[in-house]
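Notes for the one structure printed next.
Every number in this text was worked out from the coordinates using simple rules, so none of it is lab data. Note that this is a predicted model, so its numbers are computed, not measured. Please note: Cβ atoms are built from the backbone with ideal geometry, for glycine as well, and neighbour counts cover all protein chains shown.
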Amino acid sequence: MYYTNDTTLFLNGKFVKAADAKTDLFSQTLHYGYGVFEGIRAYQTVNGVKIFKAREHYERLLRSASLVGIPL
């Protein structure tokens with residue numbers, strides 16, 4: 001087993017014992033692994049590290065998550 005009787009998980013907004021965690025075996029997420037990804041570049045400048053187009057990346061991440069139904 002990958003967990004003990006003391007293992008706690010965060011599931012659906014709550015902490016639960018791993019042994020009590022239940023999921024729908026027919027869910028799309030379980031079968032297809034829904035997720036979103038946004039690559040963000042950062043560069044070293046004379047004024048420190050700067051993220052390239054941070055707002056645009058963040059907005060695109062939020063939009064992608066919304067399109068597949070992942071609340072952030």
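Of everything in the range 30-51, what is over 22 Å from residue 72 (Cα atoms) and part of a loop (DSSP other than H, G, I, E, B)? Give them in sequence order. Scanning the range 30-51 gives 46, 47.
Selection of the range 8-25 for residues being more than 18 Å from residue 71 (Cβ to Cβ), among the polar types (S, T, N, Q) and out of contact with any helix residue (DSSP H, G or I) (no Cβ under 8 Å at 6 or more places or on another chain) yields an empty set.
Name every residue in the range 12-29 that is in contact with a strand residue (DSSP E or B) (Cβ under 7 Å, 6 or more places away or on another chain) and not in a strand (DSSP E or B), in order of residue number.
18, 21
Would a scan of the range 57-65 turn up a residue that is among the hydroxyl-bearing types (Ser, Thr, Tyr), out of contact with any Cys (no Cβ under 7 Å at 6 or more places or on another chain) and part of a helix (DSSP H, G or I)? Among the residues of the range 57-65, at least one is among the hydroxyl-bearing types (Ser, Thr, Tyr), out of contact with any Cys (no Cβ under 7 Å at 6 or more places or on another chain) and part of a helix (DSSP H, G or I), which makes the answer yes. Among the residues making up the range 4-44, those that are exposed (fewer than 10 other Cβ atoms within 10 Å of the Cβ) and of a type in the set (Gly, Ala, Ser) are 13, 33, 39. Among the residues making up the range 45-72, those that are surrounded by fewer than 10 Cβ atoms within 10 Å (Cβ to Cβ) and either β-branched (Val, Ile, Thr) or touching a strand residue (DSSP E or B) at 6+ places or on another chain (Cβ under 8 Å) (or both) are 45, 46, 49.
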